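So the structure is just underneath, and the comments pick up after that.
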Amino acid sequence: MPRVYMDANATTPLLPEVLEAMRPYWMERFGNPSSIHLNGQQAHTAVDQARQTMSEFFNCHEAEVVFNSGGTEGDNTALFGLLRPGDHFITTSIEHSAVLQPARLLAERGVETTFIEPQPSGLIDSSEILRAIRPNTRLISVMLANNETGVLQPIEQIAKIAADAGVFFHIDAVQGAGKVKFDVRRFGCHLLSISAHKMHGPKGVGALFVRRGTPVESLLIGGSHERRHRAGTLNVPGIVGMAKAAELAMHSLEDGTMDRVARLRDRLQAGVLLSFATGVNGAWDGDRPVPRVANTTNIWFDQLEGEALVIALDLKGIAVSGGSACHSGATEPSHVLMAMGLDKTRARASLRFSLLKTVTEADVDYVLQVVPEAVEHLRELSPVVAGTLG
Ligand SMILES: Cc1ncc(COP(=O)(O)O)c(C=O)c1O
């Protein structure tokens, strides 16, 4: 049985070139970049080169790249590093928990917080952000691409609103990395977080772009690493791997790879939609298509339990994610899909297909062979159909 992984928004495997680039930095070149001897200098040079690559990836100065442990840390740094009691903060109700949970905690600590709701399309209306601005608004944080639907938010419009109001702007760009060409100058943000493992780099490493002069306080206090933006010995193999992944991602955006991924995603989506009582979450705004990253489609299936379908597909060798998340032991429907106006049953019966950039035609063929059968089979058994589940 083939194994087809369509959960790239959860994580991605290393590309072989990434593993090769990292390999020397575990053993032969194990030095601490802060040491002045040869071992340290070898590591230091590798980090410098990686910083140079990341500055090209973001289109920023090298001094504006802060290496860290990933998206959660970048998001936490932006919020905790800038917001103080009495400040006002604007974000959206469809952010990742790496933004939502710090926002809730900060609200308990006296930061006034506004959560903007999305439209049914999954898009945030930038005029609602404009309306939410108050004299004490200090920070706006909006994601570039939603992890569940792939919908791309109008960040350049939001940046303009932030700039006109003199407000800092952070972008959680974790799900955009490698899927959208980055340019922090064009985006107009002060802070932007990414994570290597979403773009075929290693887990537990990421980068935060910090525009020069942004007064963000460090979360971690200790040594003077990263120009005092982030204390802690640098994860040299991870940083080298992330830079290699970023370099490959820049190529993939130019050489047609991501266009191929978009075509395969569209073929997959069209094929799945041939099944009765299905639809896409976050594809249309009236009769206009919604901008989405190339690799993601989120599809609802009426009259079945999404989790049962995730398990049935896994047993057939296909990895996808459902529209529910496990919170303290209970399965809750996705906050993103609920915010877009889906009812609980439909949110629970939604699946996210997120394709790797190495996806093949054969992968899509296999999924299109298995999904309709699995859907039909589950509907025959489903308590939703039998009317015993609300
Ligand atoms: C949109 C978004 N932000 C932040 C994160 C957290 O990133 P990390 O896994 O690197 O902590 C994720 C991970 O799923 C994400 O999808």
Legend entry - Using a Förster distance of 35 Å, the FRET efficiency for Arg23-Ala319 (Cβ separation, nearest 0.05): 0.85
Inset, instruction - Considering the options Pro291, Ala262, Val272, tell which one lies farthest towards the positive end of the dipole of the range 260-312, charges being +1 on Lys and Arg and -1 on Asp and Glu at the Cβ, about the Cα centre. - result: Ala262
Inset, instruction - Among Ala207, Ala374, Ala347, determine the one that fluctuates most according to a GNM of the chain built with springs between C-alpha atoms less than 10 Å apart. - result: Ala374
Inset, instruction - State, to one decimal in nm, how far the label point of Glu380 lies from the label point of Arg104, with both points 7 Å from Cα in the Cβ direction. - result: 4.1
Inset, instruction - Could you pull out every residue, at least 5 positions away or on a different chain, whose amide H is within less than 5 Å of the one on Asn281? Hs are placed 1.01 Å off N in the peptide plane, and Pro or chain starts have none. - result: Asn298, Ile299, Trp300
Inset, instruction - Can you tell me the order of 36-45, 111-120 when each peptide is scored by its average per-residue count of other Cβ atoms within 10 angstrom, highest first? - result: 111-120, 36-45
Legend entry - Surface share of carbon and sulfur [accessible, 1.4 angstrom probe, percent] for the chain: 54
Legend entry - For Gly322, residues with placed amide H under 5 Å, excluding near neighbours: Arg352
Legend entry - Contour excess over end-to-end distance, with Cα ends at Ala231 and Gln41 and 0.36 nm allotted per residue: 66.5 nm
Inset, instruction - With springs only between Cα atoms under 10 Å apart, run a GNM on the chain and tell me which of Gln52, Gln175, Gln369 wobbles the most. - result: Gln369
Legend entry - Computed lengthening from Arg186 to Leu130, 0.36 nm per intervening residue step minus Cα-Cα distance: 18.2 nm
Legend entry - GNM result for the chain, Cα springs below 10 Å: residue of Leu356, Leu83, Leu219 fluctuating most strongly: Leu219
Inset, instruction - Over the chain, give the accessible area per residue in Å² for a 1.4 Å probe, as an integer. - result: 42
Legend entry - Potential extension, Thr331-Met1 segment - 0.36 nm per residue separation minus Cα distance: 115.8 nm
Legend entry - Highest average packing first - 310-318, 144-152, Cβ atoms within 10 Å: 144-152, 310-318
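The values are calculated or read from the model by the stated rules, or taken from the named source; none is laboratory data. Keep in mind that what you see is a predicted model, and the values were worked out from it rather than measured. Glycine also receives a Cβ, built like all others from the backbone with ideal geometry; neighbour counts cover every protein chain displayed. Heavy atoms of the whole protein, side chains included, go into the accessibility calculation; ligands, DNA and RNA do not. Shrake-Rupley method; radii C 1.70, N 1.55, O 1.52, S 1.80 Å.
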